[in-house]
Every structure is written in structure tokens, then in C-alpha cells.
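Colleague: Input: one structure, supplied below.
The values are calculated or read from the model by the stated rules, or taken from the named source; none is laboratory data. Since we're looking at a predicted model, the values are computed, not measured. No Cβ is skipped: glycine too gets one built from the backbone with ideal geometry, and neighbour counts run over all protein chains shown. The accessibility values were calculated without ligands, DNA or RNA, using every heavy atom of the protein model including side chains. Shrake-Rupley method; radii C 1.70, N 1.55, O 1.52, S 1.80 Å.
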Amino acid sequence: MGVELFSDIASKYNYLGVVILMMIGLYAMIAKNNLVKKIIGMNIFQTAIILFYVSTAAKRGATIPIIRHGHNGHGHEVIHAAEYINPLPHVLMLTAIVVSVATLGVALALAVKVYHQYGTLEEDEIRGQLRNK
Amino acid sequence: MRIIGLLIVIAFGSLLRYGVFFFPEWGDPASPPSLHVSPHYIEEAIAETAVPNLVTAVLADYRGYDTMFETTVIFAAGLACFMLLRVLQRQVPECRLYRHIPTGITLRIEKGGKLPTESGSFERIDSNWVPHDLIIKSTSRFITPFLQIFALYVIAHGHHSPGGGFQGGVILGAAVIMYAISYDLRRSIQRIGEQATAVLGSAGVLIYAGTGALCMVLGAAFLDYGALAGLLGVDPVMARSHGMLIVEIGVGIAVSAVMVWIYYNLSSAGRHDEGL
């Protein structure tokens, strides 16, 4: 049983790394008390998803998705899909990375607002102040 | 809370670990993501769009709508930061700090005092004391133009080498942010003002959507760059390549401006007087 459970680690360790990163991010979002730490946890979670997508694009023995000699007008040679890695996950994650930076900015702006309102970023202190109102 | 969180995380992790058993091996060429549309993109993109970098081809042409709205999301995020944080009424600070550069003496000027003009010999400094750091300032001044030229190269050459509007735009924005960190926020705002960032951010999105609308005016579908062939004076396949370049420039402008805008608002909590 023990051997069976870990038999796929050698060929799928990328997914296991992603799962570990996701767990770290989720734990930070649930258990951390500080709002900025929660936001960073969210970012770790996003990074795990980005890594997951990008790792699904990989193909053994393939190269980056830029056609060789394509810019010299020799692009009319037959191109085999197996020679180039899948460009689609890279496209999706390329935009997702920049959007995640932008949303991180919005999240930090909200944290700044919360800090100005309550004078703290610790969740339990904020909850205490709300209860005492 | 910690124990409950840990239990949830472990349950979530074991569920995902169970799911991994059904995944294809890493690097398997026959894995499901590589089978559906991606062979078409890889094999036909250069014949259909004349762009060797498949990521750019898929980003700006095959999935042009997706990218347009991602750009809109980035602009909306910049706008959200502005709406949340910006303080528009000017408060006069309690006191201001100036440094006399030749001697290194710091002047503290209380409310009502006469302020020295910002010149070669006086510079205003932030209220948390910052030392006059020659190495950081000289290095950033030396690096910034190279960084900006590299960013323009990454935007303009995104068809043929790794790069494109998003990457180049972020590098361009980072160059401005580095300037703002190594000098101070006020000096950076003097160069690229808040209005400029807002206008450039929306102009970038407008360039993207406007290119799409222009294609519609010329009788094709939205973002079908082949319609631009007549305007650009090239064949329809090459027109797709040029159309993508226009769109990528729009994305680059929008992304760089919004990054700078978010930094301005976030680092000064919306007051735009003292940064990090």
C-alpha cells in the first residue's frame, strides 16, 4: 500500500508541489490573523494555480512555443505539434500573472483603508472593535 | 481556529492528492490539454498570422477578446485603487524636512516657516529620515534608461522572441517605480503625473478596443485584423501580425501606466506626498 501510494511521485512531482503550495496558501488564508498575511496567502494560492497551468503545458522533448526560423520567411516547413510545447496555458497564465498583481494592489489598498479605519490589521482586534460599537 | 484550519487544509490537500492519481504524467505529449485546440495553434498559426511566437499569436489574435478584457480588468484595478485610497483635499503637513545637499544638513521647517525653493542645493526629504544614498541614486539613474529601452524592445519584439505587451509594460512600469523608490515619490510624480497615468491607462485599453472597432468598421468581425490589410498596405496574413503589434502596444501602455498608478496610490496611501 505504502509503495502504491507514492508510486507516482517520480512522474508527477510537479502536481504534488502545486498541492503543497496550495495547502500553504489556504492555511495562511484560514488561520493567519493578520490581513496582509492572508493576502500573501491568497497570492501563494494564485502562484500554485499558475504553476499548475504552466506545468500542464510541458511536453517531453519539445521546445518553447516559438517557431524556429519563422521570422525569415521559412515558416512554410511542416510543423509538428509534438515539437513545441502547448502555448495555450502560457497565454492564460501570462494574463493571469499581471491580473493577480493588479488584484493584489486592490487587496492591499483595502488593507490600507482598514488600517486607517481601525488602526490595526489584526483580525481579532478589528472584530473586537466592531463588537464594542 | 488554527486546528480547524489545519484540518480543513489537510482534508483539501488529501482530496487534491487523490485527484493527482488520475492526472497524466508530467511532460506527456498526449495529455488532454495538448490535444484539443493546441495542435491547431501550433501547426497553423504561422501560416495564418505570420507570427512565430505562438504565445503572442494566441494571446492577441485567437483569444483577442480574453486579452482585451484582461486589460480592462487591470485598468479597473487601477481605478479601484484610486477610488479607495485617493485623498483629494490637500493637507498642509505639520512640518517639512529639507536637506542642504552640499553640507548634508537637514532643515526642519515648522508650519508657517518660509520654505526654501527646490533647487540644486535644497531637496525636500520624507518625514521618516532617509540618508542621502549616492550609490542607490546613481545606480538607478544609470539603469533606468536601459530598463526602459529593454521594455520597449520586449513590447516591439514580442512577435519573434519571448515578450509582448504585458511583460514589456510591467518592465516599463517597474522602471518608473524604481525611480520613485530610489529618489522620492514627488520627483517621480513630477515626471509622470497622476493624470498622465490615468489617461495612458485608459488610452491603452482604447487602442485595443479601437483596433477591434476599426476592423468592424472595415467590414470584418471585431478584432479580425485581416481587415486592416487595405489600410496597412500588406497582405491579410501580414496584417494580422501588424494588428497584433498595435494591440500589444496598447496593452503595454495600459499595463505600465496602471502599475505606476497603483504604486502611487498604494505607497502614499492616496496622498501623493511621501512614498516609501
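Colleague: State which residue is nearest to B:V247 (Cα to Cα) when the search covers only region B:148-175 and only residues that are open to solvent by 50 Å² or more (accessible area, probe 1.4 Å) and assigned to a helix (DSSP H, G or I).
Modeller: B:A156
Colleague: What is the residue count in region B:227-245 for residues that are within 28 Å of the chain's Cα centre (by Cα) and open to solvent by less than 20 Å² (accessible area, probe 1.4 Å)?
Modeller: Residues that pass the stated criteria total 5.
Colleague: Still on this model: When you check B:I149 against the structure, is it more than 20 Å from B:S268 (Cβ to Cβ), without any contact (Cβ under 8 Å) to a residue 12 or more places away in the chain and under 35 Å from the mean Cα position of the chain (by Cα), yes or no?
Modeller: yes
Colleague: Would you pick out the residues in region B:176-191 that are of a type in the set (F, W, Y) and either in a helix (DSSP H, G or I) or buried (at least 21 other Cβ atoms within 10 Å of the Cβ) (or both)?
Modeller: B:Y179
Colleague: Considering only region B:197-214, I want to know if a residue exists there that is without any contact (Cβ under 8 Å) to a residue 24 or more places away in the chain and crowded, with 22+ Cβ neighbours inside 10 Å.
Modeller: no
Quick grid of which residues meet (1) more than 9 Å from chain A (Cβ to nearest Cβ); (2) in contact with a Leu (Cβ under 7 Å, 6 or more places away or on another chain):
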residue	(1), (2)
B:L59	no, yes
B:Y62	no, no
B:F75	no, no
B:L84	no, yes
B:Y98	yes, yes
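Colleague: Go through (1) loosely packed, with under 12 Cβ neighbours inside 10 Å; (2) part of a helix (DSSP H, G or I) one by one and return the number of the condition B:T72 breaks.
Modeller: (1)
Colleague: Within region A:31-69, track down each residue that is basic (K, R), facing chain B (nearest Cβ under 8 Å) and open to solvent by less than 40 Å² (accessible area, probe 1.4 Å).
Modeller: Result: A:K59, single match.
Colleague: Name the single residue, out of those in region B:1-53 being surrounded by fewer than 18 Cβ atoms within 10 Å (Cβ to Cβ) and among the β-branched types (V, I, T), that is nearest to the other protein chains (Cβ to nearest Cβ).
Modeller: B:V20
Colleague: Right, something else. With the requirement that a residue be within 33 Å of the chain's Cα centre (by Cα), open to solvent by less than 50 Å² (accessible area, probe 1.4 Å) and hydrophobic (A, V, I, L, M, F, W, C), what does region B:91-121 give you?
Modeller: B:L97
Colleague: Let me ask something else about it. Would you be able to tell me the number of residues in region A:70-115 that are more than 7 Å from chain B (Cβ to nearest Cβ) and either at positive phi or modelled with pLDDT of 85 or more (or both)?
Modeller: Of the residues in region A:70-115, 13 are more than 7 Å from chain B (Cβ to nearest Cβ) and either at positive phi or modelled with pLDDT of 85 or more (or both).
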